[in-house]
1. Quote the relative contact order of the chain in percent (integer), defining contacts as alpha-carbon pairs under 8 Å separated by 6+ residues.
2. Taking all protein chains as present, what is the carbon and sulfur share of the accessible area of the chain, in % to the nearest whole number, probe 1.4 Å?
3. With the other protein chains left in place, how much accessible area per residue, in square angstrom, belongs to the chain at a 1.4 angstrom probe?
4. When a/c reaches 1.5 or more, the comparison of a/b and b/c decides; with that in mind, is the chain rounded, prolate or oblate per its Cα gyration tensor?
5. For the chain, what is the calculated [θ] at 222 nm in deg cm²/dmol (nearest 500), taking -39500 (n - 2.57) for each run of four or more DSSP H residues and dividing by its residue count?
Amino acid sequence: MTQTLAQLLPGESGRVAALDFPSRKARRMEDLGFLPLHTVPFGGITAYQVLDTVIALRDTDARRITLQT
């Protein structure tokens with residue numbers, strides 16, 4: 001099953017399957033820890049814990065990150 005990061009409920013997790021951004025922004029998201037095939041826990045509405053960092057994303061960006069759950 002796939003869904004976007006914005007669809008996760010607090011406490012759920014998923015594996016990054018795809019980043020639907022232009023290449024420059026996709027590289028920036030990877031720099032922030034959104035690595036394809038990497039499993040990370042997410043929670044909250046706009047703040048997500050990725051690796052050891054909490055990152056706030058706009059809903060429009062969170063909807064462009066597809067996960068496998």
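1. 50 percent
2. Summing carbon and sulfur atoms, their accessible area is 52 percent of the total for the chain.
3. Working: 4350 Å² over 69 residues.
I get 63 Å² per residue for this part.
4. Rounded is the answer for the chain, as its axis ratio a/c remains below 1.5.
5. -4500 deg cm²/dmol
The values are calculated or read from the model by the stated rules, or taken from the named source; none is laboratory data. None of the values given here were measured: they were computed from a predicted structure. Note: areas computed on protein heavy atoms with side chains; ligands, DNA, RNA excluded. Shrake-Rupley method; radii C 1.70, N 1.55, O 1.52, S 1.80 Å.
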